[in-house]
Structures are given as C-alpha cells and as structure tokens.
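Worksheet: the structure to be examined is printed underneath.
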Amino acid sequence: MTLQVSTSLPNGALTTPPSLTPATTDTVAAGSFGPNGLLCRIITTGTLTNFSIVDPNLTVMGSVATSASYATPATGSRMIPIPNSAVNQATQLCTLTFSSVTGVTYELYRY
C-alpha cells in the first residue's frame, strides 16, 4: 500500500503532473483533496485494469457500502472524479484499488 499525493492545478498555469505508479491498493490523505475532491487520470499501455474507490460509508441498515468500480481500456486513459465523501473519517484516508498494475500509471489532481 502506497500513500500518494495529488497535484494542485494553479489557475491559468500550465502544469506537468508526476505520474504515479500504483500498488494494488493505494491511499490518499484527506489533505490531498481539494474543495470538490480529486480527479484521477488513469493511463494504461496494453493492460486492462479495474479501478475502484473504496466506499468508507455504511448503508442505512449498517452494511458495508458497495465500492464503485471502473473498467479502463487496455490502452488509453480515463478521468474519474473522486468525491470528498470517499475519505474514511476515522483514518482520514481514501483507499483506491487496481486489479492490475502492469502498464498502468495515474495522476491525481485537486479540484
């Protein structure tokens, strides 16, 4: 598990974000989130991967919530918003999972 840090998007300025190499499970601290959350850009080069945002909340009946899962193309990119509600209030961490990490990088943007 790797603790990742997001990139700030300055108003009107060009930026080159660092590419993050995922582990099968990564975390992001609440302090890396912007007022609206994060944008996650997943880039794949020949490997399909499923990306999930672990939902730290409970259903109305107290059951563990179902995590959102997104399939990426084998080669391409996807931009996925991560809301502030994805942060576990007990740990102050958001957990992200990847089904495959071969040929996968990603970027995190505060917004």
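The values are calculated or read from the model by the stated rules, or taken from the named source; none is laboratory data. It should be emphasised that the depicted structure is a prediction, and the values quoted were computed from it without experimental measurement. Every residue, glycine among them, receives a Cβ derived from its backbone with ideal geometry; neighbour counts consider all protein chains shown.
Computed quantities for the displayed model
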| quantity | calculated |
| --- | --- |
| Residue within segment 46-63 that is of a type in the set (A, V, I, L, M, F, W, C), touching a helix residue (DSSP H, G or I) at 6+ places or on another chain (Cβ under 7 Å) and either exposed (fewer than 13 other Cβ atoms within 10 Å of the Cβ) or under 23 Å from Pro17 (Cα atoms) (or both) present | yes |
| Of all residues making up segment 17-42, the number that are buried (at least 16 other Cβ atoms within 10 Å of the Cβ), within 13 Å of Gly103 (Cα to Cα) and in contact with an Asp or Glu (Cβ under 9 Å, 6 or more places away or on another chain) | 2 |
| Identity of the residue in segment 82-92, over 30 Å from Gly46 (Cα atoms) and either of a type in the set (Val, Ile, Thr) or surrounded by 19 or more Cβ atoms within 10 Å (Cβ to Cβ) (or both), that ends up nearest to the chain's Cα centre (by Cα) | Val87 |
| Test: residue in segment 67-77 that is touching a Gly at 6+ places or on another chain (Cβ under 7 Å), over 14 Å from Glu107 (Cα atoms) and among the small types (Gly, Ala, Ser) | yes |
| Subset of segment 15-29 (residues that are more than 11 Å from Glu107 (Cα to Cα) and modelled with pLDDT of 75 or more) | Ala23, Thr24, Thr25, Asp26, Thr27, Val28, Ala29 |
| Checklist (1) outside any strand (DSSP E or B); (2) surrounded by 14 or more Cβ atoms within 10 Å (Cβ to Cβ) applied to Asn11, failing item | (2) |
| Entirely in segment 49-104, the strands (runs of 3 or more DSSP E) that have 3 or more residues that are among the β-branched types (Val, Ile, Thr) and at negative phi | 75-82 |
| Conditions (1) in contact with an Asp or Glu (Cβ under 9 Å, 6 or more places away or on another chain); (2) at pLDDT below 95; number of the one not met by Thr102 | (1) |
